[in-house]
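The structure appears right after this line, and notes come after that.
What follows draws every value from the coordinates through simple rules; no lab data is involved. Keep in mind the model is a prediction, meaning the values are calculated, not measured. Here the Cβ positions follow ideal geometry from the backbone for every residue, glycine too, while neighbour counts run over all protein chains shown.
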Amino acid sequence: MNQSNLSLPSGCVLRKATSGDQWSIRLLVFSAKLDPTQLNWQQFWVIEYNQNLIACGQLRNFSGAQELGSLVVASAWRGRGLGSLLTQHLINTATQPLYLECLGQRLMQFYSRFDFVPISFEDLPQFHKTIGLSTLKEKFRFSQLAKRLLKVPVVFMESPVEYKGENRSLRQYEIFRMAVVIPSSILITDKLLG
């Protein structure tokens, strides 16, 4: 998507969330009937107007990946490009391969404009757990169950992201990791060599 077409409406401010935004973020997420779990204000970016939050979204951190999630624009502010602007900002802010889950074709088409592509649950990466972080596949497992048993129209998507100057999908990174043999007694930090 062309970022140059995106601009904030007059009086709006895009900023990192603060602890004072916690309840406003929760209210926005509840109003959109999104998953209210894993709402960590430190991972959120918000758009405010007259000191009121009108949009929010977060980059959840997982072992080896990030998830774009909890993206909400207040109903009175929809149709003004805030969702697109916030999505592009979160993509640009990502530091690891980026994934998301969404409901239905309309949202899948929205995220496709940002080069996200559908991916099957089976093809989601399964990294080793990092201390303090769960894996993306563990988080998406419940949605996969709802998709299979209740026919919930969940779509998993991935996007290649800039990481150390190169576009690499998580699958490419995973192949790189599998090619390196590391003794299990050594704790290392995953790094892509550039």
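Structure values in brief
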quantity	calculated
Pair list, Cβ under 8 Å, 6 or more apart: the stretch 114-131 residue assigned to a strand (DSSP E or B), other residue charged (D, E, K, R) and surrounded by 13 or more Cβ atoms within 10 Å (Cβ to Cβ)	VAL117/GLU158; THR130/ASP190
Filter result (crowded, with 18+ Cβ neighbours inside 10 Å, without any contact (Cβ under 8 Å) to a residue 60 or more places away in the chain and not hydrophobic (A, V, I, L, M, F, W, C)) within the stretch 67-83	GLY69, SER70, GLY83
Some residue of the stretch 98-111 being in a loop (DSSP other than H, G, I, E, B), in contact (Cβ under 8 Å) with a residue 12 or more places away in the chain and either in contact with a Lys or Arg (Cβ under 9 Å, 6 or more places away or on another chain) or polar (S, T, N, Q) (or both)	no
Members of the stretch 41-84 that are more than 21 Å from VAL117 (Cα to Cα), under 13 Å from the mean Cα position of the chain (by Cα) and not aromatic (Phe, Trp, Tyr)	GLN43, CYS56
Residue within the stretch 32-40 that is buried (at least 19 other Cβ atoms within 10 Å of the Cβ) and either part of a helix (DSSP H, G or I) or touching a Gly at 6+ places or on another chain (Cβ under 8 Å) (or both) present	no
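Conditions tested, residue by residue: (1) in a helix (DSSP H, G or I); (2) touching a helix residue (DSSP H, G or I) at 6+ places or on another chain (Cβ under 9 Å); (3) on the phi > 0 side of the Ramachandran plot.
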| residue | (1), (2), (3) |
| --- | --- |
| ARG60 | no, yes, no |
| GLU67 | no, yes, no |
| SER70 | no, yes, yes |
| ALA76 | yes, no, no |
| GLY83 | yes, yes, no |
